[in-house]
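Taking it in order: structure first as structure tokens, then the write-up.
The values are calculated or read from the model by the stated rules, or taken from the named source; none is laboratory data. If you're wondering where the values come from, they're calculated on a predicted model, not measured in any experiment. Cβ placement follows ideal geometry from the backbone for every residue including glycine, while neighbour counts extend to all protein chains displayed. The accessibility values were calculated without ligands, DNA or RNA, using every heavy atom of the protein model including side chains. Shrake-Rupley method; radii C 1.70, N 1.55, O 1.52, S 1.80 Å.
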Amino acid sequence: MAKSRGGGGPGSPGGHHSLAGTRESLAEPGGDELSSLGSDSEVNGGGPEERRVDKFGFIVGSRSAEGPLEEVPLEVLRQRESKWLDMLNNWDKWMAKKHKKIRLRCQKGIPPSLRGRAWQYLSGSKVKLEQNIGKFDELDLLSGDPKWLDVIERDLHRQFPFHEMFVSRGGHGQQDLFRVLKAYTLYRPEEGYCQAQAPIAAVLLMHMPAEQAFWCLVQICEKYLPGYYSEKLEAIQLDGQILFSLLHKVSPMAYKHLSKQKIDPILYMTEWFMCAFSRTLPWSSVLRVWDMFFCEGVKIIFRVGLVLLKHTLGSSDKLKSCQGQYETMERLRALSPKIMQETFLVQEAISEAEPPTRKALEPVPSIIVPPGPAPVPKARKSKEKSRDKGLASPANGPGAEGNGAPAAAKELLHPQVSPHHQSKESLSSRESEDTYL
């Protein structure tokens, strides 16, 4: 079993030991052998200078490399970059008044050059870092718990082995990944380390330095997916049941089939949700999903899961080849490239479950009073007069008024319109509090 170097980079990953002390293993069958190939420079062309990588940094020819991509026209990309720069440079103003616009721009995709910075702003990790200056460096210098260090070391070479950052054993990418994961076990010793955190941290490191990636990971674990990486995985099991109940509404046929086959949601959605689809979708789709996820929260993970289930098991034609439990699970493991394609998946996820409108998010007053004075029936007028007299009587006089009774009655009949109701911009700000994280 490999020994770790406290506080520095990882030691040599050990042999194939049992992953005792970790959560459920998310490594694919044969994952170690595949990772070994990915980290062997001889296999990939003899050296770094001979490797060709795609626009995302994956080695061309590997299964992780992207095929033909939908390119955004350069002019459109420049316009988006300009808009995002304006937003990022005036973030508080935009978050306070124009959160809906931010959401729409996240759905269109964050420009690659600004994606890492935008994720930090959207997640709140930038603020978290500013509130904890020097904390990561402090954790980085500590040795860490050997129980977790050994497991982390053995997981390093499994994370995106065909990406240029992680292709070399002991390279800078693996060293930073070790530092981020070790720091989290020290920051939250009661949680420790979960294998599903490794791909999450690796994706973050592809877009930002180690310190920023650490605080972004903290936000994901604490704000976006709380409880997902705890020892008993209670949160992921609960969300599995929620996903299944939502599927009943979205695709009754898929729901019925999975129920008939007695396939528990935990069997197919654990890796999807815990890794935020980073090990499931083509890379262009992963990034688009993460753009929306950082803006809107876990609802995006649910929507994407529902789209995949609906378009995999949601029609009689699709179910012809999924007669048994084994065939169904195989189909869910080998999803159709068409439904994972970037534009299709994003559009379906947006339209699958439209977020509540601003009106739906408004607090409903106890009594809704129509605009303008409403005609009062004669019979009611006499009753109201007598009631008004009662309110003005000594029993309900100044003493009671001091306690606010008539004022409360007035408030019920004529609820005060708050500034949020008066301004759509203010409403969108409050909407951000409801949907942000």
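Side notes on the structure shown:
- Taking the stretch 198-269 as the region of interest, the helices (runs of 4 or more DSSP H) fully inside it that hold 2 or more residues being within 30 Å of Asp137 (Cα to Cα) are 210-219.
- Test: Ile200 is within 26 Å of Gly61 (Cα to Cα), at pLDDT 95 or above and among the β-branched types (Val, Ile, Thr): yes
- Pair list, Cβ under 8 Å, 6 or more apart: the stretch 116-134 residue basic (Lys, Arg), other residue open to solvent by 40 Å² or more (accessible area, probe 1.4 Å): Lys126/Gln212
- The requirement of being of a type in the set (D, E, K, R), touching a residue at least 40 places away in the same chain (Cβ under 8 Å) and either out of contact with any Lys or Arg (no Cβ under 6 Å at 6 or more places or on another chain) or on the phi > 0 side of the Ramachandran plot (or both) is satisfied by Asp145.
- Residue list for the stretch 277-307, filter: small (Gly, Ala, Ser) and either surrounded by fewer than 22 Cβ atoms within 10 Å (Cβ to Cβ) or under 16 Å from Phe56 (Cβ atoms) (or both): Ser278, Ser284, Ser285, Gly297
- Candidate set: the stretch 40-61, residues that are in a loop (DSSP other than H, G, I, E, B), modelled with pLDDT of 65 or more and touching a strand residue (DSSP E or B) at 6+ places or on another chain (Cβ under 9 Å); chosen: the one most open to solvent (accessible area, probe 1.4 Å): Arg52
- Breaking point among (1) open to solvent by less than 10 Å² (accessible area, probe 1.4 Å); (2) in a loop (DSSP other than H, G, I, E, B), for Ser168: (1)
- Qualifying residue in the stretch 375-394 (condition: at pLDDT 90 or above and either assigned to a loop (DSSP other than H, G, I, E, B) or closer than 27 Å to Leu243 by Cβ (or both)): no
- Of everything in the stretch 322-348 that is open to solvent by 60 Å² or more (accessible area, probe 1.4 Å) and not in a helix (DSSP H, G or I), the residue that is nearest to Val289 (Cα to Cα) is Gln341.
- Criterion violated by Lys310 - all others in (1) closer than 29 Å to Arg80 by Cα; (2) basic (Lys, Arg); (3) crowded, with 20+ Cβ neighbours inside 10 Å satisfied: (1)
- Of everything listed in (1) in contact with a helix residue (DSSP H, G or I) (Cβ under 8 Å, 6 or more places away or on another chain); (2) in a helix (DSSP H, G or I), the single unmet condition for Phe277 is (2).
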